[in-house]
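*Asks:* Questions regarding the structure given below will be posed in turn.
Nothing in this text is a laboratory measurement; each read-out follows from the coordinates by a stated rule. Here the structure is a predicted model, which means the values were calculated and not measured. Counting neighbours? That spans all protein chains shown, and the Cβs are built from the backbone with ideal geometry, glycine included.
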Amino acid sequence: MTRYLAAYDTEMSGVHRPRPDVPSCLEACRRIVEVHRRNAMPATFFIVGKVLEETPDEFRRLLDDPLFEVASHGWSHRVLRDHPVCGPAPAPDEIREEIQRGVESVERVFGRRCRGFRTACGFADGLRGAPEALALLARAGIRYVSSVLWGEDYSLPAPVTQAFAYAAEGYPELREIPAHGWHENLLKGKQPVFGTAPSAPSSSLALPRGGSSRIRRHAGRGVPLQQRFFIDRALAERSGHVSLIWHPWSLALFDPGMRMLELTFRYVRERGLEPCTFGDFDERLRA
């Protein structure tokens, strides 16, 4: 059974406050939540601590729902290790703050344990070879991390990759749950912070000729190609899960009515995938 894990990197536009034409993170999340509730579709919101702390009561009222899981996206959206696209890692004490304050913010606002952590930007190999970051995550009580978000040599799209445990690094109880496909904000070419990935995507994963414009046109008729391709690939490979990389501000900017979500969720149901949150998927892997 392949499970579908809807998830959102809940942050500002890039690492900055949104421009006037970019919907606020909270406003975008409201639109997304409406679609999820209408479709009874669970989701995980990986939220940046500084964003959460700006309007904690509003986020709590919106996301404190059995349908949703709230996990951490760090305190201020800073990378945990050097990244060829997003820049160098901060000092060790700043990495510690990024993890601890991000987790504590979620736990304080929602009054329950934060079990998951999505790293800023993500990495081709996740946190393999980063024992200091893994130690801090384990110390913070994190059960799973989602940090494999790129393909080989930091190419895009990220291939369908299975979950794994960081046993070789000495943390067998800490699980990696990768995400797949394109960072949809990069695909649309409207991200002011990130550059272009240094190597091209595998030809077997590349989208048909026409790029993002074709994706937008196709969205009016049916499931966008970037969504359908990776859902179909996960099923063909009998993957345990598939999860696409979405950002609330970007979704609301390019598709204010969230039609793409409606179409994607319908396709997920038609293909027989079982929807669940990252946390629920982690629990099933441990059962």
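*Asks:* Quick check on the range 1-119: what does the Kirkwood estimate of hydrodynamic radius come out to from the alpha carbon pairs, in Å?
*Replies:* 14.9 Å
*Asks:* Another one. Could you work out the local net charge near T119, counting Lys and Arg as +1, Asp and Glu as -1, over the other residues with Cβ closer than 13 Å to its Cβ?
*Replies:* Computed value for this residue: -2.
*Asks:* Take S239, S72 and order them by how many other Cβ atoms sit within 10 Å, fewest up front. Display every interim value, and only then the final one.
*Replies:* Details: S239 18, S72 30.
Starting with the residue having the fewest Cβ neighbours, the order is S239, S72.
*Asks:* Let me ask something else about it. Listing S147, S24 from the residue with the fewest other Cβ atoms within 10 Å to the one with the most, what is the order?
*Replies:* On the way: S147 27, S24 18.
Ranking S147, S24 by Cβ neighbours within 10 Å, fewest first, gives S24, S147.
*Asks:* Follow-up. With an 8 Å Cα cut-off and a minimum separation of 6 or more residues, compute the relative contact order for the range 99-169 in percent.
*Replies:* After rounding, I find 33 percent.
*Asks:* Which whole-Hz couplings ³J(HN,Hα) result when phi for each residue of the range 70-85 is put into the Karplus expression 6.51 cos²θ - 1.76 cosθ + 1.60, θ = phi - 60°, listed in order with x for Gly and Pro?
*Replies:* In residue order, the calculated couplings are 10, 10, 9, 10, x, 7, 9, 6, 10, 5, 9, 8, 4, 9, x, 9 Hz.
*Asks:* Next question. Pairwise over distinct Cα atoms, reciprocal of the mean inverse distance: report the Kirkwood radius of the range 233-283 in Å, one decimal place.
*Replies:* When all Cα pairs of the range 233-283 are included, the Kirkwood radius is 12.6 Å.
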